[in-house]
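So the structure is just underneath, and the comments pick up after that.
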Amino acid sequence: MKACVLDSPAPIETAPLIWRDIPRPSPQAGQLLVQVRACGICRTDLHVIEGELPRSKMPIVPGHQVVGVIAEQGSGATRYPIGTRVGIAWLHATDGTCEYCRAGKENLCEHPSFTGYTVDGGFAEYALAEQDFVYPIPDGFADEHAAPLLCAGIIGFRSLRLANLPKNGRLGLYGFGAAAHVAIQVAHYWGCEVYVCTRDERHQKLARELGAVWAGGTIDAPPKLLDSAIVFAPAGEIVPAALKALNKGGTLTLGGIHMSPIPQFDYDLIYGERVMRSVANNTREDGRDFLKIAAEIPIHTEIERFAMQDANRALNALKNDAIRGAAVLAP
Ligand SMILES: [Zn+2]
Ligand SMILES: [Zn+2]
């Protein structure tokens, strides 16, 4: 099969992903072989490719927002019939036995595997998945529109859940890429007002089109204090600005897997019982709950399509804020 392979981390400008033939994997016990129809790209892919996360499996096929159909079943992996359309997300598997898994916090598992990071992902014609960790994709979403739901959507949803957003409250979103453009739709569905801070004017425009009551620059002060805010951009200098915009008792949630250092700030910014927390991965329950609400709303994802062999170009565009909504690769 063909796949986009990364042999070792390098800046995306050097086009480190090579579209080449690799052996098609065979599903083992409990696994599925999925024929990929679309795979979203995410900032985490960029962090993996550019070596900003601890080094893991190399060579690796990145990609963790996979929509495809079941082509083969490993032994015992018969829960879904061949041909079922499923999604494969970032959380590839957990040990199921550590203290976090046992406490219902499998997102914090001690021995997890991650799609497109510790095991090969979806920038390929086929990908392996664990039967227990795939999500049936609701009807009504085209393959390319469903792909960004699997990380941008699910992580955005978990970030919203952890943001303690009061009913009809005011939410701030910092950075307006794939995750934020989904989160704003969920926040509106919950009756909230959304304020968007993002450096790129095209992203500010998209935010207004999607109903933001205000959109400004990354560290501009929104016109009203926020009950909750989520930082999706990987820039630590945003944190003090976001705390400044937060009402007393408000929660600031950091949605990314990697962030540049957070500058020192005065205690005043977090005093008043403001809370700051990160989001790490997601549970399968987050995934199932989100896909249900996504179909109910229904969420519309803005996408830009690229051929899979153009993955380097798509990721370059993501790095330069040049994607409107989410970028999706199709084989
Ligand atoms: Zn575990
Ligand atoms: Zn992701």
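Leu173 falls short on exactly one of the conditions (1) in contact (Cβ under 8 Å) with a residue 40 or more places away in the chain; (2) over 22 Å from Leu46 (Cα atoms); (3) of a type outside the set (Val, Ile, Thr), and that condition is (2).
All conditions in (1) touching a residue at least 24 places away in the same chain (Cβ under 8 Å); (2) assigned to a helix (DSSP H, G or I); (3) surrounded by 17 or more Cβ atoms within 10 Å (Cβ to Cβ) hold for Cys101, with the sole exception of (1).
For Pro234, the criteria (1) more than 16 Å from ligand 2 (Cβ to nearest atom); (2) touching a residue at least 12 places away in the same chain (Cβ under 8 Å); (3) farther than 11 Å from Gly172 by Cβ hold in every case but one, which is (1).
If you go through the range 279-306 and keep only what is more than 17 Å from Ala142 (Cβ to Cβ) and either assigned to a helix (DSSP H, G or I) or of a type in the set (A, V, I, L, M) (or both), you end up with Val279, Ala280, Arg284, Glu285, Asp286, Gly287, Arg288, Asp289, Phe290, Lys292, Ile293, Glu296.
Of Pro112, Pro136, Pro166, all but one fail to be within 20 Å of the chain's Cα centre (by Cα), away from ligand 1 (no atom under 16 Å from the Cβ) and either over 28 Å from Ala322 (Cα atoms) or surrounded by 24 or more Cβ atoms within 10 Å (Cβ to Cβ) (or both); the exception is Pro136. If you check Pro25 against the conditions, is it touching an Asp or Glu at 6+ places or on another chain (Cβ under 6 Å) and either modelled with pLDDT of 95 or more or assigned to a helix (DSSP H, G or I) (or both)? Criteria not met by Pro25. Of the residues making up the range 84-98, those that are under 17 Å from Tyr126 (Cα atoms) and either in a helix (DSSP H, G or I) or within 11 Å of ligand 1 (Cβ to nearest atom) (or both) number 0.
Exactly one residue out of Phe141, Phe114 is modelled with pLDDT of 95 or more, hydrophobic (A, V, I, L, M, F, W, C) and under 28 Å from Met58 (Cβ atoms), and it is Phe114. With respect to the conditions (1) of a type in the set (A, V, I, L, M); (2) assigned to a loop (DSSP other than H, G, I, E, B); (3) under 21 Å from the mean Cα position of the chain (by Cα); (4) at pLDDT 95 or above, Ile257 lacks only one, and its number is (4). For residues that are surrounded by fewer than 13 Cβ atoms within 10 Å (Cβ to Cβ) and in contact (Cβ under 8 Å) with a residue 24 or more places away in the chain, scanning just the range 12-27, find the one that is farthest from the chain's Cα centre (by Cα). Within the range 12-27, the match that is farthest from the chain's Cα centre (by Cα) is Ser26.
Of all residues in the range 117-133, none are without any contact (Cβ under 8 Å) to a residue 40 or more places away in the chain, away from ligand 2 (no atom under 16 Å from the Cβ), over 19 Å from Ala327 (Cβ atoms) and not polar (S, T, N, Q).
Just name the residue that is farthest from Phe306 (Cα to Cα) out of those in the range 28-83 that are among the small types (Gly, Ala, Ser) and in a strand (DSSP E or B).
Here the answer is Ala71.
Out of the residues in the range 41-98 that are farther than 30 Å from Ala10 by Cβ and among the aliphatic types (A, V, I, L, M), state the one that is surrounded by the most Cβ atoms within 10 Å (Cβ to Cβ). That would be Ile70. Leu173 passes every criterion in (1) aliphatic (A, V, I, L, M); (2) closer than 13 Å to Val66 by Cα; (3) crowded, with 24+ Cβ neighbours inside 10 Å apart from (2). Exactly one residue out of Ala183, Ala229 is touching a strand residue (DSSP E or B) at 6+ places or on another chain (Cβ under 6 Å) and either crowded, with 23+ Cβ neighbours inside 10 Å or without any contact (Cβ under 8 Å) to a residue 24 or more places away in the chain (or both), and it is Ala229.
The values are calculated or read from the model by the stated rules, or taken from the named source; none is laboratory data. Since this is a predicted model, take the numbers as computed values, not measurements. Backbone-built Cβ (ideal geometry, glycine too); neighbour counts: all protein chains shown.
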